[in-house]
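**Student:** What follows is a single structure, and I will ask about it in a moment.
The values are calculated or read from the model by the stated rules, or taken from the named source; none is laboratory data. None of these values were measured; they are calculated from a predicted model. Please note: Cβ atoms are built from the backbone with ideal geometry, for glycine as well, and neighbour counts cover all protein chains shown.
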Amino acid sequence: MSTPASALSRTARISTTAPAAPARAGILHLGLGSFHRAHQAVYTAAALQAEGGDWGIVGVASRSRTIVDALHAQDMLYSVATISPEATSLSIPGAHTDAFVGAEQPDRVVAQIADPGIRIVTLTVTENGYSYSAATQRLDLDDETVRADLRGGAPRSTIGQLARGLQARAAAGGTPISILSCDNLAANGKHTEKLVREFLQELPGSEGAEALAFLDRAVAFPSSMVDRIVPATTGELRTRVSTLLGARDDIPVPAEPFTMWAIEDAFAAGRPAWQAGGAVFTDEVARYEQMKVRLLNGTHSLIAYLGALSGLATIPAAIGIHGIERAARAVLRHEYEPSIEVPSGVDIRAYETELFERWANTALGHRTSQVGTDGSVKLRQRIPEPALLSLSRGEMPHLIALTVAGYLSCIAPLPDFDPGVHAAAMTDAARDRLASLAATARDGRELARRVIAELHLFGAELGEQDAFIERVGELTDTIRRHGVDAAIADAVGASVTPTKEMLP
Ligand code: CS2
């Protein structure tokens, strides 16, 4: 996509920013998906434009060649289409210096982490990508890829790659480096550090000792909260962007206008001037993360499952339904908001108003099936703590129970229930396991008990909350017998009333 500036400026209603001058790489990014390209890459391009510096990004796609091949064919460029019902604007971040596929060149991932020129490794590998076992609350030693990585050879898991890369860096002199997680996980920096340390501790004898000492001395794991709604790219967007640009772009990324990045300013070897793109450096990342993961992501899951069960393809279509909007307002106000500490300077009312505007962005076409995908790992981040907090106050979190009932109805439908095409399009690592539990469950109550109390899908503590599990089962049965609208009416109606048996 070598597009002359004149071609860009001819695209009348489109505002574009010219790509920054190529820099030398200082960042290795694992997870070259759409989110990274519409978020960290955009902030990095702004930083390069404002202050320069050797902060170009080498992008590593985990398995697929699509983005890597297209980036190479397009001079490492692509467009971000910022889409609202009012306007579309295109920008071309231009922060990448190179890209490759990690599964094809795992040794190169290790070598890049060891390269002293690389001073930050950023990660967007999704909640699924950390090889974390909720059951043991540590590195998943039952995971075949982790076990193979521990045995040696070229590492394939993200944690294995980080650990082996840091080992190689330690052996090569131990230049300081920062590992920056940009995934929707509570305390994502500490979480990543804990898993890398556990990997190194699992190595035989003193094999991990040098790297562990290096971690103590010169490796930082700042936490960060990332936020921007980035739907999957469609063929329609590719055509539209190419027409607007007057040049072919095979990998444009659609994104909403809103964007936010809150980062703990604790880097071991410098960082780009990401504030030039609007990033906030703060000691309150944990609060930002909690606010975002519960208010935005938790409610997003509810909207996605209720929307899919209502036969709706997109989040804006779902939030346009009165009952779903009421459910979203109720979960925010009564169940998520009381569970968070609002970061200083954030106006929570304005934040919530903006959330509804963002979800209602009809031009974006964010799909219910995309948000509903991987619920087994996403919900674990979003629901157990606020649910347990409500329960400890003697209040039933009816809308969180409805979120779980919606999830079960979509991913593990009981034999006589068809959740529809949008639910069928949701992928989830736990789908087969849950489907086999559903196949022999008598009703929603039995299914909820098996999944929450026996499988501990949402952690051991929630597995002991009988009244909550009962409520999930009841709502699952309501969805199946009377439809999703009836379940919404039931949960919203009950949402502020403590159940009788919970009253002191
Ligand atoms: C969504 C997120 O897919 C999901 O689960 O809730 O991807 C959400 O769009 C982003 O976190 C917004 O920052």
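**Student:** So which residues in the stretch 226-256 are within 12 Å of the ligand (Cβ to nearest atom) and part of a loop (DSSP other than H, G, I, E, B)?
**Tutor:** 228, 229, 230, 231, 232, 256 - these are the residues of the stretch 226-256 that are within 12 Å of the ligand (Cβ to nearest atom) and part of a loop (DSSP other than H, G, I, E, B).
**Student:** Here is a further query. Does residue 157 satisfy being surrounded by fewer than 15 Cβ atoms within 10 Å (Cβ to Cβ), in the same structural domain as residue 27 (by TED's automatic domain parsing) and within 21 Å of the chain's Cα centre (by Cα)?
**Tutor:** no
**Student:** While we're on this one: For the subset of the stretch 148-185 comprising residues that are in a loop (DSSP other than H, G, I, E, B), farther than 15 Å from residue 198 by Cα and of a type in the set (S, T, N, Q), which member is nearest to the ligand (Cβ to nearest atom)?
**Tutor:** It comes out as 184.
**Student:** Tally up the residues in the stretch 365-380 that are more than 8 Å from the ligand (Cβ to nearest atom), crowded, with 20+ Cβ neighbours inside 10 Å and either of a type in the set (S, T, N, Q) or outside any helix (DSSP H, G or I) (or both), please.
**Tutor:** 4
**Student:** Pairs needed: first member in the stretch 291-303, among the hydroxyl-bearing types (Ser, Thr, Tyr); second member anywhere, within 9 Å of the ligand (Cβ to nearest atom); C-beta distance under 8 Å; at least 6 residues apart or different chains.
**Tutor:** 301/371; 301/372; 301/375; 301/378; 301/382
**Student:** Still on this model: Is it the case that the stretch 218-225 has a residue that's surrounded by 22 or more Cβ atoms within 10 Å (Cβ to Cβ), within 16 Å of the ligand (Cβ to nearest atom) and closer than 23 Å to residue 366 by Cα?
**Tutor:** yes
**Student:** While we're here: Residue 276 fails exactly one of the following numbered conditions: (1) part of a helix (DSSP H, G or I); (2) in the same structural domain as residue 405 (by TED's automatic domain parsing). What is the number of that condition?
**Tutor:** (2)
**Student:** Residue 206 - would you say it is polar (S, T, N, Q) and within 16 Å of the ligand (Cβ to nearest atom)?
**Tutor:** No; evaluated as a whole, the condition is false for this residue.
**Student:** Need pairs with beta-carbon distance below 6 Å; first residue among the hydrophobic types (A, V, I, L, M, F, W, C) and within the stretch 364-379, second near the ligand (Cβ under 9 Å from one of its atoms); sequence gap 6+ or separate chains.
**Tutor:** Within 6 Å, the pairs are 364/231; 364/256; 371/300; 371/304; 377/127.
**Student:** Listed residues 269, 255; which is in the same structural domain as residue 51 (by TED's automatic domain parsing), of a type in the set (A, V, I, L, M, F, W, C) and more than 30 Å from residue 117 (Cα to Cα)?
**Tutor:** 255
**Student:** Within the stretch 60-77, identify whether any single residue is assigned to a strand (DSSP E or B) and touching a residue at least 12 places away in the same chain (Cβ under 8 Å), and answer yes or no.
**Tutor:** Scanning the stretch 60-77 turns up at least one residue that is assigned to a strand (DSSP E or B) and touching a residue at least 12 places away in the same chain (Cβ under 8 Å).
**Student:** Among the residues of the stretch 128-149, what is the count of those that are surrounded by fewer than 20 Cβ atoms within 10 Å (Cβ to Cβ) and in contact (Cβ under 8 Å) with a residue 40 or more places away in the chain?
**Tutor:** 6
**Student:** A further question on this structure: Can you tell me which residue is farthest from residue 422 (Cα to Cα) among those in the stretch 343-364 that are assigned to a loop (DSSP other than H, G, I, E, B) and within 13 Å of the ligand (Cβ to nearest atom)?
**Tutor:** Out of the qualifying residues, it is 361.
**Student:** For the stretch 335-365, give me the residue count where each residue is touching an Asp or Glu at 6+ places or on another chain (Cβ under 8 Å) and of a type outside the set (D, E, K, R).
**Tutor:** Matching residues across the stretch 335-365 total 7.
**Student:** Follow-up question, since we're still on this one. Any residue at all in the stretch 312-323 that's within 12 Å of the ligand (Cβ to nearest atom), in the same structural domain as residue 55 (by TED's automatic domain parsing) and among the aliphatic types (A, V, I, L, M)?
**Tutor:** Taking every residue of the stretch 312-323 in turn, none turns out to be within 12 Å of the ligand (Cβ to nearest atom), in the same structural domain as residue 55 (by TED's automatic domain parsing) and among the aliphatic types (A, V, I, L, M).
**Student:** Inside the stretch 262-295, can you point out the residues that are in contact with a helix residue (DSSP H, G or I) (Cβ under 6 Å, 6 or more places away or on another chain) and near the ligand (Cβ under 10 Å from one of its atoms)?
**Tutor:** 293
**Student:** Starting from residues that are farther than 24 Å from residue 385 by Cα and free of Cβ contacts under 8 Å to residues at least 40 places away in the same chain, keep the ones in the stretch 318-344 and report whichever is surrounded by the most Cβ atoms within 10 Å (Cβ to Cβ).
**Tutor:** 321
**Student:** Also: When you go through 459, 463 one by one, which is the residue that is part of a loop (DSSP other than H, G, I, E, B), surrounded by fewer than 22 Cβ atoms within 10 Å (Cβ to Cβ) and assigned by TED's automatic domain parsing to the domain that holds residue 386?
**Tutor:** Being part of a loop (DSSP other than H, G, I, E, B), surrounded by fewer than 22 Cβ atoms within 10 Å (Cβ to Cβ) and assigned by TED's automatic domain parsing to the domain that holds residue 386 holds for just one of 459, 463, which is 459.
**Student:** Out of all the residues in the stretch 277-312, which are touching a strand residue (DSSP E or B) at 6+ places or on another chain (Cβ under 6 Å) and surrounded by fewer than 23 Cβ atoms within 10 Å (Cβ to Cβ)?
**Tutor:** 280, 281, 282, 292
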